[in-house]
Amino acid sequence: MPTSFSPVQYVYREIIEEQIAKKAEGKVFYFDDNDKVESVEGRVVRMEEIKGSGMFIHMEPDKQIRIDRIITLFGKPGAAFDEYDNFANQCLSCTGGYDL
């Protein structure tokens with residue numbers, strides 16, 4: 001089930017706009033609608049706000065990703081990078097039943 005759109009710091013929008021202007025290509029890691037990490041390769045062709053849904057990037061060949069769910073964009077941290085980092089470190093904070 002998709003989560004509601006979270007506002008994104010302007011710095012992440014600037015990174016996206018910079019990549020669009022450069023016509024850069026690369027890999028984007030993001031959380032899908034089920035909070036599963038996915039990736040796609042291609043070129044970001046535009047960013048737009050879709051009323052009621054949030055701000056999205058459109059990639060070639062054929063992918064649309066909500067910008068608040070981007071973990072990395074062409075190797076640069078995205079708005080969901082901290083969320084991913086926290087998710088990845090969850091197991092490091094548990095003891096797993098062992099005495100430390």
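General observations
- Count - residues of region 49-69 that are over 15 Å from Gln19 (Cβ atoms) and either in contact with a strand residue (DSSP E or B) (Cβ under 9 Å, 6 or more places away or on another chain) or surrounded by 19 or more Cβ atoms within 10 Å (Cβ to Cβ) (or both): 10
- Counting only strands (runs of 3 or more DSSP E) wholly contained in region 28-75, the ones carrying 1 or more residues that are touching a residue at least 12 places away in the same chain (Cβ under 8 Å) and among the hydroxyl-bearing types (Ser, Thr, Tyr) occupy 37-50, 70-73.
- Of all the criteria given as (1) over 17 Å from Thr3 (Cα atoms); (2) more than 9 Å from the chain's Cα centre (by Cα), the one not satisfied by Leu73 is (2).
- The listed residue being of a type in the set (A, V, I, L, M), modelled with pLDDT of 95 or more and within 13 Å of the chain's Cα centre (by Cα), out of Val40, Val45, Val8: Val40
- Test: Ala21 is modelled with pLDDT under 95 and outside any strand (DSSP E or B): no
- All conditions in (1) at pLDDT below 95; (2) within 20 Å of Tyr10 (Cα to Cα) hold for Asp33, with the sole exception of (2).
The values are calculated or read from the model by the stated rules, or taken from the named source; none is laboratory data. Just so you know, these numbers come straight off a predicted model, no measurement behind them. Cβ sites come from the backbone with ideal geometry, for glycine too, and all protein chains shown count toward neighbours.
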